[in-house]
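The values are calculated or read from the model by the stated rules, or taken from the named source; none is laboratory data. A quick note: this is a predicted structure, and the numbers were derived from the prediction, not measured. As a convention, Cβ positions derive from the backbone with ideal geometry for all residues, glycine included, and neighbour counts pool all protein chains shown. All accessible areas refer to the heavy atoms of the entire protein, side chains included, with ligands and DNA or RNA removed. Shrake-Rupley method; radii C 1.70, N 1.55, O 1.52, S 1.80 Å.
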Amino acid sequence: MSSSSARYTYLGPEGTFTEAALRTLPEAATRELVPMVSVPAALDAVRNGEAGGALVPIENSVEGGVTATLDELATGTPLMIYREVLLPIAFALLVRPGTTLADVKTVTGHPVAQPQVRNWLKANLPEAVWESAASNADGARQVQEGRFDGAFAGAFAARTYGLEPLVTEIHDAPNAQTRFVLVGAPGRAAARTGADKTSAVFWLGDDHPGALLELLQEFAVRGVNLLRIESRPTGGGIGRYCFSVDAEGHITDRRVGEALMGLKRICPQIRFLGSYPRADETPPQVRPGTTDEEFAAAADWLTRALDGRA
């Protein structure tokens, strides 16, 4: 194993939920784990050959997609997703030792954290001023340095930064989760498991009534269920968007592969982001007429029809 492939980067600094998610992967025990200052920095290390993989957040069950990750995967040198991790999220209010709740006038955390603790803040610290940090752990570091009174982060980050969890298990939405993806250089997709997810980004050819519907029908007519679809601006002007999707199934499933082929025919650009095991191990609901066997039987029928044997 080369030195770069033995290195995984992640959204740092130490003590982030991203690091906690990365450490749930068995291979993390044999890799050098390197914190980076941002999602782009973590992914650029893979693009530059300095790391074999990067774990980054991509979706939160409360706030939705993590735009920095979605945009990075849609642009620049292509990358692929090989794994995903689901991590339950509960925040702790981390403070310097001796701080009471009445002492907390300024708080910080990652921007994605704010919607998850907004109601708690309104009920318990209505006068506290929020300022976003690059990550939850970076917020904890700034509390350690005295720049803020409290930070919303994982309770496990307290020891790293010499802080105390003043309040734990803070979350406005029960069962909140964040989804992380392990990203690497393009290669063969992860092996099919029967409970898989396929991610892609596609661009509209031109803006006309029903343009998006035409693209979605490529999935619908083949019985491919979409788990997530989000529009992101392309930077080409108001109204110019690309679409990031997660679909049930693996690219080697005939229904998924043919849906992507359909998109390739009508889209000016499509980027395949990978097929990989679903973290929740939920198998797809395959509609009648869309199994691999039924696709193969239809292709066989067409061959026989062309030979006059149908």
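Are there any strands (runs of 3 or more DSSP E) wholly within segment 51-160 with 3 or more residues that are of a type outside the set (Lys, Arg) and open to solvent by 20 Å² or more (accessible area, probe 1.4 Å), and if so which? Let's see the steps before the verdict.
Working: elements: 53-60, 80-88, 91-95, 106-109, 129-132, 150-153.
Fully inside segment 51-160 and qualifying: 80-88, 129-132.
Working carefully through the options 281, 293, find the one that is assigned to a helix (DSSP H, G or I) and acidic (Asp, Glu).
Working: 281 fails: assigned to a helix (DSSP H, G or I).
Residue meeting the stated conditions: 293.
State which residue is farthest from the chain's Cα centre (by Cα) when the search covers only segment 161-205 and only residues that are aromatic (Phe, Trp, Tyr) and open to solvent by less than 30 Å² (accessible area, probe 1.4 Å).
Pass one, segment 161-205, residues aromatic (Phe, Trp, Tyr): 161, 180, 202-203.
Okay, now just the ones that are also open to solvent by less than 30 Å² (accessible area, probe 1.4 Å), so 161, 180, 202.
Numbers: 161: 27, 180: 5, 202: 17 Å.
Once the filter is applied, the top-ranked residue is 161.
Inside segment 1-38, can you point out the residues that are over 16 Å from residue 51 (Cβ atoms), in contact with a Pro (Cβ under 8 Å, 6 or more places away or on another chain) and either surrounded by fewer than 18 Cβ atoms within 10 Å (Cβ to Cβ) or polar (S, T, N, Q) (or both)?
14, 16
Of the residues 256, 286, which is closer than 30 Å to residue 22 by Cα, aliphatic (A, V, I, L, M) and out of contact with any Cys (no Cβ under 8 Å at 6 or more places or on another chain)?
256
Rundown of residues vs (1) in a strand (DSSP E or B); (2) within 14 Å of residue 259 (Cα to Cα), yes/no style:
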| residue | (1), (2) |
| --- | --- |
| 202 | yes, yes |
| 205 | no, no |
| 208 | no, no |
| 215 | no, yes |
| 219 | no, yes |
| 228 | yes, no |
| 236 | no, no |
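Within the set of pairs 6+ apart or on separate chains, which have a first residue in segment 285-303 that is of a type in the set (Phe, Trp, Tyr), a second that is modelled with pLDDT of 95 or more and open to solvent by 70 Å² or more (accessible area, probe 1.4 Å), and C-beta atoms under 6 Å apart?
Filtered contacts from segment 285-303: 295/254.
For segment 19-67, which residues satisfy the criterion of being small (Gly, Ala, Ser) and more than 13 Å from the chain's Cα centre (by Cα)?
20, 28, 29, 38, 41, 42, 45, 49, 51, 52, 53
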